[in-house]
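The values are calculated or read from the model by the stated rules, or taken from the named source; none is laboratory data. This structure is a prediction, so every number in the text was calculated from the model and none was measured. Every residue, glycine as well, gets a Cβ built from its backbone with ideal geometry; the counts of neighbours run over all protein chains shown. In case anyone asks, the SASA skips ligands and DNA or RNA and just uses the protein heavy atoms, side chains included. Shrake-Rupley method; radii C 1.70, N 1.55, O 1.52, S 1.80 Å.
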Amino acid sequence: MSQMPADAEERCAVPPVICYPPETLPDAQLALKQAARAGARKVSETLVPAREARCFEVQAGQFFRITSVEGPQVGDLNLWNAGDLGERFYSGKTRALHGTHVSTGDRLWSSLPHLRAMATVVRDTLDWYGIDAFGGAVHDVIGTRCDPYTGNLLSGAQYHHCCHSNLTRALAEARGLPLAHAELHVHDVLNVFMCTGFTRDTGQYFMKASPVRPGDYLECFAEIDLLGGLSACPGGDCSAEHSSDVAACHPLLVEVFAPEPEALAGWQGSPVNGYDQSHGLERA
């Protein structure tokens, strides 16, 4: 370790500054969306088997709910623009705008250059959890997804039911893509129901048993037409490991609900980001 400077304590005591104050973000219209949900009817459902993934579609203005149905289970969620797989969920910017974990009222933002709200969290039955004594919280946007490459790097294993591979297979099937092409569109996830944080002493990413129980759900409003991919993680509730054929795993249910059209009066779809993409140079 390097020698501590004389003013080390003074340097460490500098107060933090929030990088992206969310107060100037466009209004999420949360009350309008929650009211519209009250009269919505179910139009589809998809059961995601344990240790597998499935894709589902949600039209702009509809709701999708992810529910624990049999036992404690976390899910890795990818979102794409249904008409353009190049626009996808941007976990890093979502984290920068809302924090390491998301809950009611937070939005899920898309990749550059689009950078717009893809979905808004309208209901979270685990919002009571908050931040625990270890620094853990639920629904994180800090983990990347369990993948076979990291598994091979750490243990030399060939494991195919990790969330990255699950999502790759599901997207390939849903869009008729070769596996190699589908894999390029799989991206960092929203870890639904997963309880995670960073250790205070070493700053390492940790997971702990999810507090989710059957009947708990996370529900979102689609701001644009969406293709979703959800993997029921092979770590189950992630209390011990996250790529395993030993952990107790359970299915997850995705339901899509359509509100009455008049219930969304005043709502407008999420526009593509207004930056002119000139990057400081004159366009020809």
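A few remarks follow.
- Taking the criterion of being free of Cβ contacts under 8 Å to residues at least 60 places away in the same chain and of a type in the set (D, E, K, R), the residues of region 133-177 that qualify are Asp140, Asp147.
- When the strands (runs of 3 or more DSSP E) confined to region 209-284 are screened for residues that are within 24 Å of Thr120 (Cα to Cα) and among the β-branched types (Val, Ile, Thr), those reaching at least 1 such residues are found at 252-258.
- Where a residue in region 262-284 is within 25 Å of Ala38 (Cα to Cα) and its partner, wherever it lies, is open to solvent by less than 70 Å² (accessible area, probe 1.4 Å) and acidic (Asp, Glu), with Cβ under 7 Å and at least six apart: Gly269/Glu223; Ser270/Glu223
Here's the yes/no breakdown for (1) over 18 Å from the mean Cα position of the chain (by Cα); (2) at pLDDT 95 or above; (3) at positive phi:
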{"residue": "Ile18", "(1), (2), (3)": "yes, no, no"}
{"residue": "Val43", "(1), (2), (3)": "yes, yes, no"}
{"residue": "Ala53", "(1), (2), (3)": "no, yes, no"}
{"residue": "Val58", "(1), (2), (3)": "no, yes, no"}
{"residue": "Arg65", "(1), (2), (3)": "no, yes, no"}
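- Scope region 1-37; condition touching a residue at least 24 places away in the same chain (Cβ under 8 Å) and farther than 29 Å from Gly92 by Cβ; matching residues: Ala35, Ala36
- For region 1-56, filtering for residues that are open to solvent by 60 Å² or more (accessible area, probe 1.4 Å), among the small types (Gly, Ala, Ser) and part of a loop (DSSP other than H, G, I, E, B) leaves 4.
- Every condition in (1) under 22 Å from Thr196 (Cβ atoms); (2) out of contact with any Asp or Glu (no Cβ under 7 Å at 6 or more places or on another chain); (3) surrounded by 19 or more Cβ atoms within 10 Å (Cβ to Cβ) holds for Ala222 except the one numbered (1).
- First in region 71-94 and closer than 28 Å to Arg213 by Cα, second anywhere and of a type in the set (Lys, Arg), Cβ under 6 Å, 6 or more apart: Asp76/Arg145; Trp80/Arg88
- Within region 91-123, the set of residues being of a type in the set (S, T, N, Q) and in a loop (DSSP other than H, G, I, E, B) comprises Thr100, Ser103, Thr104, Ser111.
- For region 186-208, a tally of residues being part of a loop (DSSP other than H, G, I, E, B), open to solvent by 50 Å² or more (accessible area, probe 1.4 Å) and touching a strand residue (DSSP E or B) at 6+ places or on another chain (Cβ under 7 Å) returns 1.
- Residue match in region 124-135 (condition: outside any loop (DSSP other than H, G, I, E, B) and either acidic (Asp, Glu) or touching a Ser or Thr at 6+ places or on another chain (Cβ under 8 Å) (or both)): yes
- Qualifying residue in region 159-169 (condition: among the hydroxyl-bearing types (Ser, Thr, Tyr), open to solvent by 30 Å² or more (accessible area, probe 1.4 Å), modelled with pLDDT of 95 or more and assigned to a loop (DSSP other than H, G, I, E, B)): no
- Only residues that are of a type outside the set (Ser, Thr, Tyr), touching a residue at least 12 places away in the same chain (Cβ under 8 Å) and either farther than 23 Å from Glu223 by Cβ or open to solvent by 10 Å² or more (accessible area, probe 1.4 Å) (or both) were counted across region 118-130, and they come to 2.
- Selection of first residues in region 219-236 that are under 15 Å from Gly61 (Cα atoms) and of second residues that are modelled with pLDDT under 95 and not β-branched (Val, Ile, Thr), restricted to Cβ pairs under 7 Å at least 6 apart or on distinct chains, gives the following pairs, ordered by first then second residue: Glu223/Gly269; Glu223/Ser270; Ile224/Gly269; Ile224/Ser270.
- The single condition among (1) closer than 15 Å to Asn273 by Cβ; (2) surrounded by 22 or more Cβ atoms within 10 Å (Cβ to Cβ); (3) not polar (S, T, N, Q) that His114 does not meet is (2).
- Single residue of region 59-83 satisfying the filter (open to solvent by 10 Å² or more (accessible area, probe 1.4 Å) and of a type in the set (A, V, I, L, M, F, W, C)) that is nearest to Ala170 (Cα to Cα): Ala82
- Qualifying residues in region 225-246 (those that are surrounded by fewer than 19 Cβ atoms within 10 Å (Cβ to Cβ) and not polar (S, T, N, Q)) - the one nearest to Phe64 (Cα to Cα): Asp225
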